[in-house]
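Structure, as structure tokens:
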Amino acid sequence: MSVSERFAELAQIRDTLGAVEADPSRIVMEKILSPTEARIAGRRTILVGTNNYLGLTFEPEVLDAACAAMREQGSGTTGSRMANGSFAGHAALERDFAEFYGVPSAMIFSTGYQTNLGLLMGILRPGDKVVLDSHSHACIYDGCRISGADFLAFRHNDPEDLRKRLRRMGGAAEGALVIAEGLYSMLGDTAPLAELCAVAKEYGAWFMVDEAHSFGVYGERGLGLCEAAGILDEVDFITGTFSKSLASLGGFFVSRHPEMQLLRYGSRPYIFTASSSPANIAAAHAALGAIRTRPGLKDKLWANANRLHDGLRALGYELASTVSPVIAVRVPSKEGGARLWNDLLEHGVYANLVLPPAAPDSAALLRCSLSAAHSFAQIDAILAAFETVGAGAGADRAACAGAGAR
Amino acid sequence: MSHETRDLEQDILQTLLRRLEQFPNKAGEITAQTDLAADMTIDSVNMMELLMEVEDTYDVSFPLNMMANINTVQDLADQIKKLVEDRP
């Protein structure tokens with residue numbers, strides 16, 4: 001394919017989004033007012049599509065730490081850790097992650113995407129076997145693809161399907177890598193991690209969990225869904241991001257295997273990327289401190305999630321999963337989804353519009369992500385907007401409120 | 001080519017053609033020579049679902065990375081046949 005043909009393909013994607021008025025690139029937040037509000041098209045808008053689960057992006061301790069680090073250490077590191085060396089902040093944050101998880105050591109990467117890419121490209125070689133959940137994030141697929149490993153999918157959240165595929169692999173299942181996520185970002189459903197881990201171990205496979213959306217949100221201490229499932233001692237690799245609950249930019253990787261430190265010598269996304277800036281590291285470190293010392297943040301997030309979930313269900317919307325910090329409303333058509341999304345914006349609410357193939361099993365999703373920083377008044381305003389746009393949507397609303405509502 | 005091998009090849013091809021009928025295509029009738037990427041509109045999720053069904057129907061493992069070398073419906077059928085024949 002030539003570059004000009006590729007441009008034509010991309011233009012077609014843009015035009016498809018434009019035709020249903022669903023192009024997210026037209027959304028510009030002219031002014032960020034708080035973790036939960038911005039001005040969009042001149043209108044004060046409640047944000048319910050930010051992944052800012054604990055609402056720490058404006059927390060004074062986080063901002064003060066980031067500002068101080070920038071003044072003391074500069075605006076950037078201007079190179080990779082392997083070339084330029086690590087700043088003390090990088091090493092200190094890795095020590096704290098390791099201590100929090102009770103593992104020998106941790107590694108941090110410059111983004112969450114690069115964390116999964118870096119781990120998978122670092123540990124997999126052509127011919128290695130991987131079985132991943134079919135709903136895995138693009139960075140997991142990309143990491144597998146670039147590594148050259150043989151990778152296949154098991155049906156989403158189905159331990160018996162995983163078992164079938166590992167059994168079919170025969171002897172090659174031993175030493176294979178099984179990958180799942182904690183909280184799935186689109187539908188807001190959670191993985192049966194204990195069952196998946198048990199199947200992986202039964203066949204002698206390694207088990208990796210991406211906690212990008214579940215770190216800080218699940219588990220008594222906020223370590224994620226592995227903690228909640230009681231498998232921290234069994235899971236081999238855990239990855240996560242700074243760009244959700246940790247209110248910054250970057251990613252982390254922890255493992256109970258001390259050898260995983262060797263990844264620093266063979267992970268191209270680690271070796272060849274500029275390290276995280278001092279401000280990013282300091283913000284993530286301060287947010288990590290908040291997660292460890294303020295369990296009330298998590299409680300507030302869950303209270304908000306329950307309120308929105310119950311309210312949307314009472315309005316008759318079909319929701320994609322049981323309550324979680326991600327609440328996705330199913331809409332049967334792309335056009336209907338785009339119409340509701342635009343109507344919500346006009347009523348001062350920004351959610352995420354998700355279209356296929358990013359919206360699995362569905363024509364469209366209106367995806368809401370809750371924050372501990374939302375007030376109950378804001379949740380009620382979001383519900384009022386959903387009620388108003390639903391009432392005006394006629395057939396779309398009737399289809400949303402189908403027999404599948406739960 | 002034995003009857004058994006020819007039957008398997010035909011069975012795989014017919015199964016794929018039936019399954020692919022549900023997706024939009026620019027080529028008119030779908031045949032063995034239809035190009036999966038250029039002539040058809042199958043998003044990545046649907047392609048993965050199709051491959052999982054293939055795996056279950058023929059009891060083989062079909063790594064997604066194998067798709068990089070597959071262009072036509074016939075290429076896909078040939079690869080599945082090879083996996084079936086190499087099955088331990």
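Could you check what % of the DSSP bridge pairs in chain A are antiparallel, to the nearest 5? Given both bridge residues lie in chain A, the antiparallel proportion sits at roughly 60 percent. The phi-based Karplus calculation (6.51 cos²θ - 1.76 cosθ + 1.60; θ = phi - 60°) puts the 3J(HN,Hα) values of the range A:71-88 at 5, 7, 10, x, 7, x, 9, 6, x, 7, 5, 5, 8, 9, x, 8, 7, 4 Hz, whole numbers, x for Gly and Pro.
Look at the stretch A:164-176: the mean tally of other chain Cβ atoms within 10 Å of its residues' Cβ atoms is 2.
Taking all Cα-Cα distances within chain A, those exceeding 30 Å account for 44%.
Go through A:K201/B:K82; A:K164/B:K26; A:K164/B:K82; A:K129/B:K81; A:K244/A:K300; A:K129/B:K82 and tell me which ones have a Cα-Cα distance over 27 Å in this structure.
A:K201/B:K82; A:K164/B:K26
Ordered by the count of other Cβ atoms within 10 Å of each Cβ, fewest first, B:M40, A:M186 give B:M40, A:M186. Taking other C-beta atoms within 10 Å as the exposure proxy, A:T239, A:T36 rank A:T36, A:T239 from fewest upward. In plain terms, the bigger the Kirkwood radius, the slower the diffusion; for the range A:239-322, with that radius from Cα pairs, at 4 °C and 1.567 mPa s, Stokes-Einstein puts D at 81 µm²/s.
Shielding by partners for peptide A:148-155, expressed as the average number of C-beta atoms from other protein chains within 10 Å of each residue's C-beta, is 5. Amide H to amide H distances under 5 Å link A:S86 with no residue, where only residues 5 or more positions off or on other chains count and H is placed in the peptide plane.
For A:A328, the residues whose modelled amide H falls within less than 5 Å of its own, excluding neighbours fewer than 5 places apart on the same chain, are A:A320, A:S321, A:C368. Assuming charge only on the beta carbon of Lys and Arg (+1) and of Asp and Glu (-1), the dipole of chain A about its Cα centre is about 320 debye to the nearest 20. Sequentially through the range A:210-224, phi angles give Karplus couplings (6.51, -1.76, 1.60; θ = phi - 60°) of 8, 9, 3, 9, 10, 5, x, 10, 10, x, 4, 9, x, 6, x Hz, Gly and Pro residues having no value and appearing as x. When each of the peptides B:51-61, A:327-337 is scored by the mean number of other C-beta atoms lying within 10 Å of its residues, the order from highest to lowest reads A:327-337, B:51-61. Cβ crowding within 10 Å, taken as a proxy for footprinting-reagent exposure, orders A:T273, A:T16 from fewest neighbours to most as A:T16, A:T273.
Ordering A:Y184, A:I281, A:G240 by the projection of their Cα atoms onto the charge dipole of the range A:157-309, which places +1 on the Cβ of Lys and Arg and -1 on the Cβ of Asp and Glu, puts A:I281 at the extreme positive end. Averaged over the residues of B:56-63, the number of partner chain Cβ atoms lying within 10 Å of the residue Cβ comes to 4. Loop-located chymotrypsin sites (Phe, Trp or Tyr not before Pro) in the range A:127-185 (DSSP state other than H, G, I, E, B) with a sparse environment of at most 10 neighbouring Cβ atoms within 10 Å are absent. Near A:G250, the amide H atoms lying under 5 Å from its own belong to A:G112, A:F242, A:S243; only residues 5 or more places off or on other chains count, and H is placed 1.01 Å from N. When shorter helices are ignored and each DSSP H run of at least 4 residues is given -39500 (n - 2.57), the per-residue value for chain B at 222 nm works out to -17500 deg cm²/dmol. Here the Karplus curve 6.51 cos²θ - 1.76 cosθ + 1.60, taken at θ = phi - 60°, turns the phi angles of the range A:311-325 into couplings of x, 5, 5, 5, 6, x, 6, 8, 9, 7, 7, 5, 5, 7, x Hz, with x standing for Gly and Pro. Once C-alpha pairs closer than 8 Å and six or more residues apart are averaged by separation and normalised to the residue number of chain A, the relative contact order reads 21 percent.
The charge dipole of chain B, taken about the Cα centre with unit charges on the Cβ atoms of Lys, Arg (+1) and Asp, Glu (-1), comes to about 140 debye, rounded to the nearest 20.
Every number in this text was worked out from the coordinates using simple rules, so none of it is lab data. Everything quoted here is computed from the prediction, not taken from an experiment. For neighbour counting, all protein chains shown are included, and Cβ atoms are generated from backbone atoms with ideal geometry for every residue, glycine included.
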